[in-house]
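Notes to accompany the following structure.
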Amino acid sequence: MKPARQFLGIALVAVAILMSACGPQPAPTPTAQPAVPTMPANDDLARVLATKTLRVGTSGDYPPFAYYGQNFQLDGLDIALMREIGRRLGVQVEFSDFAFEGVLDAMRLGQVDAAAAALSVTEDRRRAVDFTNFYYISQDGIIAPGDSPTTVIRSAEDLVGKKIGAQRGTVYESWLRQALVNTGLMAPNELFLYARLDDAVRDLSNRRIDLLVADLGPMLEIVNTSRGQYKLVGQRLNVQQLAVATRKGSTLLGAFDQALVQMQTDGTLNRLIAQYLGVPPQQITPIPTPTPGAPPIIIVTEPAPACIDGMAFVADLTYDDQNMTAPPLVQPGQRFRKGWRVRNSGTCTWTTAYTFSFDGGNSPLAQMGGQMQVVGQPVAPGQTVDFYVDLIAPTAPGVYQGFWRMRNAQGVGFGARVYVGIQVPQPVVPTQTPSPGISFSANPTQISPGQPVLFSWNAQGVQAAYFYAQGQPWVQYPVAVVGQQTVYPHVTTTYELRVVKFDGTIEIRQIVIQVGQSPGAPTIQEFTLVPENQVTLGQAVTIRWNVRGQVNRVRLLRNDTVIMDGAPVVGTMQDYPQVGGQNTYTLEAYGASVARAVRAINVISPGPSGPTIDAFTVTPESVPVGSCVTIRWAASGDIASVRITRNGQPLVISGGPSGVLQDCLPERGFYGYRLEVLGTGGQPVVRERAVTAYR
């Protein structure tokens, strides 16, 4: 649990560090051992005004208060708040990103002047630091339909087993994720996130969700005006009184409080809260206004702990990303070594029980294959040490930013978070010398997210043609050898026309559609159907989606008919296709632009009982020569045999209904994998996947 946020936990993900025997030796820089600070008050304000610099510690893994935006720079309510305070003091604000548990220790060690990290004010913390007046007070309210069997919610655990709605990007989303989803008490698909509170209330009325969690003010207003349609079943389970922390006796406290009073008076504070938390000014819990004035300068001596953990970043040793302004280019699947030089800025010696571990990133792929390892040798206070991490670039193109941090012998994080940033380009796909008789074009090739692009092709005189987005299983997308198709990309995407000639040779043409991303424009991060390819008429299709960015409206359509309007930005539902043949599902997200994603599924009529392929994946879909792919399959029903081939050569002759297999690719080129499941009645079911091996 993150004590300062009271409800937050930390997911520990591993990262490999090669120290001592696995790379350059640590580079110690002996210095005098720092004395344990006794927190004497000093004139911090005078020093800040003289240097024109205010150093602020935060923890950049907690949206909407502090997080890394689309430009990979810190943003959020805490960041905007401190920048505004700095502006009113006439100084520049420098932010340092620390492990949350160590942000107050970083201030005690003198690495920063203040801490703004969604800090809840508690008596324990008041004994260690000074707090400004509150800048935000949140109180939750939980409502249910008036006839719901739920009568009272006394704790977060009472929410388990129910479908819960909340607004995206609020403290309640963070609370529900950390208290329930990340602890395994709630399935991720039981949390529904909405761009607008009105959409969530509508889904509560339609029984798509069981409970709705939001600020107490609007929840009371909904209940009081609903004439019994809704009822309040819980409140104040997650009360937070947030403030900025300074060192004990710091003269910055009075200046901060004076700036906060001014921001409350002129409306700036409410504007920032509305901007980042989505709470309308009239629904913000009033904050008591203190009498401004600097506190007296006093000397505060505290009992010193045995020692304080600290870590400071010194330099990038390899793959410098220039503060994410120029991430180095790393090819898909390429192995590389990232190195940092850091300093033990605390007063505790790092023992071999200390670790350096992955701490999240902008993508689930940002871990890049690392595994955790203990520190190789003791590192004394004041010494520097070089850490090296062996990583593998993701195969999917994009910009990746992964964070790492120190943990002490008790597993508690501390010190500055460091990161690696890389850019993975589109993989180069080998092609034959283009044939003059094949044409492939797109109009336009540069669009905003979700705009239509018309593809046209002419490949007469060939055996077959396939049109698909790179990475999709091409065998599932056959097209006429002469044709057109309109697509709606929401991110930069490479489309391919795959042509099979009569002599068996293959030619692939590519066109990249560049999608410009407006600031805050919606992006569709996930849109999946389960099963993904085929269902029987009357069988349910489970639809899952996740939309990011500033979203005004989300729609879900089946065959151009709206089946859900004002949908949550993160949600799941079951749908029952009513007609046979290909059914097309479209997800539309409206904001500064329109993002669309399309998925198709084949609906067949019920027939004789036979086998079903529930899953068949080969990952990754693009690997370097010599690397291995993982094949996973699952089938059900009356099965006589299971066979898997690669380019016609058998890999599995008589397998079980499910399994996992690794296959290493020795040469450059395309590899076609085929799963054949034969039913006891002789009914065959086939699924195919394709992989590219490159040098």
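Side notes on the structure shown:
- Restricted to segment 340-354, and to residues there that are under 18 Å from D105 (Cα atoms) and free of Cβ contacts under 8 Å to residues at least 60 places away in the same chain, the residue that is surrounded by the fewest Cβ atoms within 10 Å (Cβ to Cβ) is T349.
- Filter result (in a strand (DSSP E or B) and surrounded by 22 or more Cβ atoms within 10 Å (Cβ to Cβ)) within segment 99-129: A114, A115
- Taken over segment 452-479, the criterion of being among the polar types (S, T, N, Q) and within 30 Å of I631 (Cα to Cα) is satisfied by Q463, Q470, Q472, Q476.
- Sole residue being of a type in the set (S, T, Y) and closer than 25 Å to R417 by Cα, chosen from S174, S148: S174
- Here the strands (runs of 3 or more DSSP E) wholly within segment 614-657 that include at least 1 residues being surrounded by fewer than 18 Cβ atoms within 10 Å (Cβ to Cβ) are 628-636, 639-646, 649-652.
For every residue, the table says whether it meets (1) modelled with pLDDT of 90 or more; (2) over 18 Å from D198 (Cα atoms); (3) not assigned by TED's automatic domain parsing to the domain that holds Q258.
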| site | (1), (2), (3) |
| --- | --- |
| A144 | yes, no, yes |
| S155 | yes, yes, yes |
| T170 | no, no, yes |
| E173 | no, no, yes |
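- Residue in segment 540-558 that is surrounded by 14 or more Cβ atoms within 10 Å (Cβ to Cβ), touching a residue at least 60 places away in the same chain (Cβ under 8 Å) and farther than 21 Å from R168 by Cβ present: yes
- In the set (1) closer than 15 Å to I506 by Cβ; (2) in a strand (DSSP E or B), the condition left unmet by A442 is number (1).
- Residue in segment 499-515 that is under 22 Å from the mean Cα position of the chain (by Cα) and of a type in the set (V, I, T) present: yes
- Residues in segment 363-387 that are β-branched (V, I, T) and either on the phi > 0 side of the Ramachandran plot or at pLDDT 85 or above (or both): V375, V379, T384, V385.
- When R47, R83 are checked against the criterion of being assigned to a helix (DSSP H, G or I), outside the structural domain of L185 (by TED's automatic domain parsing), at pLDDT below 95 and under 19 Å from A259 (Cα atoms), a single residue qualifies: R47.
- Of the numbered criteria (1) aliphatic (A, V, I, L, M); (2) outside the structural domain of P531 (by TED's automatic domain parsing); (3) within 19 Å of Q534 (Cβ to Cβ), the one L651 fails is (3).
- Count - residues of segment 445-486 that are surrounded by fewer than 18 Cβ atoms within 10 Å (Cβ to Cβ) and in a strand (DSSP E or B): 12
- Test: D78 is crowded, with 18+ Cβ neighbours inside 10 Å, of a type in the set (D, E), at pLDDT below 90 and closer than 28 Å to R271 by Cα: no
The values are calculated or read from the model by the stated rules, or taken from the named source; none is laboratory data. Values in this document were obtained by computation on a predicted structure and should not be read as measured data. Every residue, glycine as well, gets a Cβ built from its backbone with ideal geometry; the counts of neighbours run over all protein chains shown.
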